Amino acid sequence: MSRIWVFWVAVAIPLYAFAGYPLLLFVVGLVIRRDVEKAPIQPLVSLLIPAYNEARVIGRKIENSLALDYPAERIEIVIVSDGSSDKTAEIARLMGGACVLELPQNRGKVAALNAAVPGLRGEIIVFSDASAMLARDAVRRLVENFADPAVGAASGRYSIVRPDEVNIGAAEDVYWRYEAFIKLHESRLASTLGAHGHLHAIRKKLYPFPPPETINDDYVIPLSVLGRGFRAVYEPAAVVFEEAREMTGFGRRIRIMAGNLQQLRELGQLLRPFQPLPLWFFLSHKVVRLLVPFAMLSALILNPFLTGSEGYRVLLGAQLLFYTLAGLGLTGRLRPRALRLPFYFCMVNSAAFFGLFHVLTGRRSMAWK
């Protein structure tokens, strides 16, 4: 009997995390909705672009930033080069139009942000990665949310360019569309807890100066405003683009998973003051998801011992088919591309085991390089 209970709990965890939770968000959203009081304001904005060895893209990033549909006199563009060993800082200076802060040593992204923020002039800080290109109206759309005094942070919408160029590009595109759905509905109910690191913003007075070892800064920074009585909202009209080839790599997934484990320590910000909806979001969107890979492994191990009925045999067959497709997806030859989703799902979740190893062993190799 205990095997049966464990098996069904293991099956229920991924079903709730990836299907039940989004469905509940949608249903609750039919009853509760908290709109943002937007207005076309133009506060002084600091566009902060952290960079480490980004010589290949920094020129294009500055051109993109200078072309934004926001008054030039109301925005400062700041490049913080985190001990780059290439010509990132030199190219940025030659381009003009941006202030360049060159740090002598590579200390990590969060340390670079913490070093740059005190010298910024803007009331609103907009963060954007060097490899990501902003839609022309992205900053204006994002800043409109700060007309609402209850808003402390805001996130834009991440969009992948040319997903077909890489093996997992189409799957990544599906994943981020799915994440956008969740963030939108969390935001409408109360607050979205994390942001897209390629485009998010915070009131400068609320910047939390996270510990330098923080991995997922784009989660910790917006979440911090909730503990101070503000909302973090999602703005789908503020779009940031990134080419598919920029976001590939299993190491990137390990880093994200290690950050997800690390950010469990942020739970206290939802308890003081007690915030029931954001707490539900945190437990469902983060904690339960961290259990998914362990639940998947448990279900696969236990299922062969529970083949006494037709239903269990069907479930075992479904699992074997899923993992077979995942294995074949590694080759990148499956057609249609939707058949590669099992590979992507397994790849993302398997990174949790490596991320857990990094967190438990206290390794610092998760800093950007």
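The values are calculated or read from the model by the stated rules, or taken from the named source; none is laboratory data. Quick caveat: nothing in here was measured; it's all calculated off a predicted structure. Counting neighbours? That spans all protein chains shown, and the Cβs are built from the backbone with ideal geometry, glycine included. Heavy atoms of the whole protein, side chains included, go into the accessibility calculation; ligands, DNA and RNA do not. Shrake-Rupley method; radii C 1.70, N 1.55, O 1.52, S 1.80 Å.
Would you call Gly97 open to solvent by less than 60 Å² (accessible area, probe 1.4 Å) and free of Cβ contacts under 8 Å to residues at least 12 places away in the same chain?
Taking the combined requirement at face value, the residue does not satisfy it.
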Exercise. (1) over 29 Å from Pro293 (Cβ atoms); (2) touching a helix residue (DSSP H, G or I) at 6+ places or on another chain (Cβ under 8 Å): which one isn't true of Ala258, the others all being true?
Worked result: (1)
For this session: Would you check which residues across segment 104-134 are among the hydroxyl-bearing types (Ser, Thr, Tyr) and either closer than 24 Å to Pro43 by Cβ or assigned to a strand (DSSP E or B) (or both) and list them?
Result: Ser128
Exercise. Residues that are modelled with pLDDT under 85 and of a type in the set (Asp, Glu): which helices (runs of 4 or more DSSP H) entirely in segment 155-265 hold 1 or more of them?
Worked result: 169-189
Exercise. Can Ala92 be described as touching a residue at least 12 places away in the same chain (Cβ under 8 Å), farther than 26 Å from Val239 by Cα, open to solvent by less than 50 Å² (accessible area, probe 1.4 Å) and part of a helix (DSSP H, G or I)?
Worked result: no
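Yes or no, residue by residue, for (1) more than 23 Å from the chain's Cα centre (by Cα); (2) at pLDDT 95 or above; (3) part of a loop (DSSP other than H, G, I, E, B); (4) over 30 Å from Gly311 (Cβ atoms):
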{"residue": "Pro14", "(1), (2), (3), (4)": "no, yes, no, no"}
{"residue": "Leu23", "(1), (2), (3), (4)": "no, yes, no, no"}
{"residue": "Val36", "(1), (2), (3), (4)": "no, yes, yes, yes"}
{"residue": "Gln42", "(1), (2), (3), (4)": "yes, yes, yes, yes"}
{"residue": "Asn64", "(1), (2), (3), (4)": "no, yes, no, yes"}
Exercise. When you look at Phe282, is it in a helix (DSSP H, G or I) and over 27 Å from Thr192 (Cα atoms), yes or no?
Worked result: no
For this session: Could you please give the count of residues in segment 48-61 that are open to solvent by less than 10 Å² (accessible area, probe 1.4 Å) and small (Gly, Ala, Ser)?
Result: 1
For this session: Can you tell me which residue among Tyr344, Tyr323 is aromatic (Phe, Trp, Tyr), modelled with pLDDT of 75 or more, open to solvent by less than 60 Å² (accessible area, probe 1.4 Å) and in a helix (DSSP H, G or I)?
Result: Tyr344
Exercise. If the Cβ limit is 6 Å and pairs must be 6+ apart or interchain, which residue in segment 66-89 that is more than 16 Å from Leu120 (Cα to Cα) pairs with which residue that is aliphatic (A, V, I, L, M) and part of a strand (DSSP E or B)?
Worked result: Asp82/Leu103; Gly83/Leu103; Thr88/Ala51; Ala89/Val100
Problem set entry | Lys61 being under 30 Å from Ile41 (Cβ atoms), touching a residue at least 60 places away in the same chain (Cβ under 8 Å), in contact with a Phe, Trp or Tyr (Cβ under 9 Å, 6 or more places away or on another chain) and among the basic types (Lys, Arg) | no
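Residue-wise test of (1) open to solvent by 60 Å² or more (accessible area, probe 1.4 Å); (2) on the phi > 0 side of the Ramachandran plot; (3) not hydrophobic (A, V, I, L, M, F, W, C).
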{"residue": "Pro22", "(1), (2), (3)": "no, no, yes"}
{"residue": "Glu37", "(1), (2), (3)": "yes, no, yes"}
{"residue": "Ser46", "(1), (2), (3)": "no, no, yes"}
{"residue": "Glu63", "(1), (2), (3)": "yes, no, yes"}
{"residue": "Ala67", "(1), (2), (3)": "no, no, no"}
{"residue": "Glu76", "(1), (2), (3)": "no, no, yes"}
{"residue": "Val80", "(1), (2), (3)": "no, no, no"}
{"residue": "Ser85", "(1), (2), (3)": "yes, no, yes"}
Exercise. Within segment 252-274, can you find the residues that are of a type in the set (A, V, I, L, M, F, W, C) and within 16 Å of Gly194 (Cα to Cα)?
Worked result: Ile256, Met257, Ala258, Leu261, Leu264, Leu267, Leu270
Problem set entry | Verdict on Val36 being among the hydrophobic types (A, V, I, L, M, F, W, C), touching a residue at least 40 places away in the same chain (Cβ under 8 Å) and touching a helix residue (DSSP H, G or I) at 6+ places or on another chain (Cβ under 8 Å) | yes
Exercise. Phe305 fails exactly one of the following numbered conditions: (1) surrounded by 13 or more Cβ atoms within 10 Å (Cβ to Cβ); (2) modelled with pLDDT under 95. What is the number of that condition?
Worked result: (1)
Exercise. Going through segment 16-54 one residue at a time, which ones are under 30 Å from Cys99 (Cα atoms) and among the aromatic types (Phe, Trp, Tyr)?
Worked result: Tyr52
